[in-house]
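K.L.:
A single structure is presented below for examination.
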Amino acid sequence: MNLIVGDILTRKELADAVGAGGDSCLLHKNSVVVAIALNPDKNPDSPHVLLVGKGPHKERYARSFLDSAASVPTFIKKAADQWQYMGMFRGISLDHSPASIKAHAAKSGRRDIWGVLSLSLNN
């Protein structure tokens, strides 16, 4: 994959580039997170914060991504079917504190937040 920061891809091109599809934020293949695709409407502090929704699969992939210390290609939705490559990001912390969840829920309008996954650009 020869992506340059700023490249715009369709969701199909993104899926082809990383080898995983679907509509999840944490794109995975064989139970391993291989990319992140963030919608700023649901993740207003993206690409540095991913708000993990409730649900066993979402929670498991967030934990396993953080534990892996892997850097993966990360994309931000810019418009309908337009995803901009932001660089290689890794997880640095996962916050479950009620204060953090409340603050991010107020900012995002979401009521399904299980945790706040902080991401860092890995140069």
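We did not get these values from a lab; they are worked out from the coordinates using the rules stated. Just so you know, these numbers come straight off a predicted model, no measurement behind them. Note that we place each Cβ from the backbone using ideal geometry, even for glycine, and neighbour counts take in every protein chain shown.
K.L.:
Restricting to the stretch 67-123, name every residue that is over 15 Å from V33 (Cβ atoms), aromatic (F, W, Y) and out of contact with any Lys or Arg (no Cβ under 8 Å at 6 or more places or on another chain).
P.N.:
Once the filter is applied, which keeps residues that are over 15 Å from V33 (Cβ atoms), aromatic (F, W, Y) and out of contact with any Lys or Arg (no Cβ under 8 Å at 6 or more places or on another chain), the stretch 67-123 yields only Y85.
K.L.:
Here is a further query. Only one of (1) over 10 Å from the mean Cα position of the chain (by Cα); (2) surrounded by fewer than 16 Cβ atoms within 10 Å (Cβ to Cβ); (3) not aliphatic (A, V, I, L, M) is not met by N39, so which one is it?
P.N.:
N39 satisfies all of (1) over 10 Å from the mean Cα position of the chain (by Cα); (2) surrounded by fewer than 16 Cβ atoms within 10 Å (Cβ to Cβ); (3) not aliphatic (A, V, I, L, M) except (1).
K.L.:
Within the stretch 21-56, track down each residue that is of a type in the set (G, A, S) and without any contact (Cβ under 8 Å) to a residue 24 or more places away in the chain.
P.N.:
G21, G22
K.L.:
Separate question: Quick check on my filter: what residues within the stretch 91-123 are out of contact with any Ser or Thr (no Cβ under 8 Å at 6 or more places or on another chain), part of a strand (DSSP E or B), hydrophobic (A, V, I, L, M, F, W, C) and surrounded by fewer than 18 Cβ atoms within 10 Å (Cβ to Cβ)?
P.N.:
W114, L121 - these are the residues of the stretch 91-123 that are out of contact with any Ser or Thr (no Cβ under 8 Å at 6 or more places or on another chain), part of a strand (DSSP E or B), hydrophobic (A, V, I, L, M, F, W, C) and surrounded by fewer than 18 Cβ atoms within 10 Å (Cβ to Cβ).
K.L.:
Okay, next question. Does the stretch 7-20 contain any residue that is touching a strand residue (DSSP E or B) at 6+ places or on another chain (Cβ under 9 Å), under 21 Å from S108 (Cα atoms) and surrounded by fewer than 17 Cβ atoms within 10 Å (Cβ to Cβ)?
P.N.:
no
K.L.:
Of all residues in the stretch 60-78, how many are surrounded by fewer than 16 Cβ atoms within 10 Å (Cβ to Cβ) and not hydrophobic (A, V, I, L, M, F, W, C)?
P.N.:
Of the residues in that region, 5 qualify.
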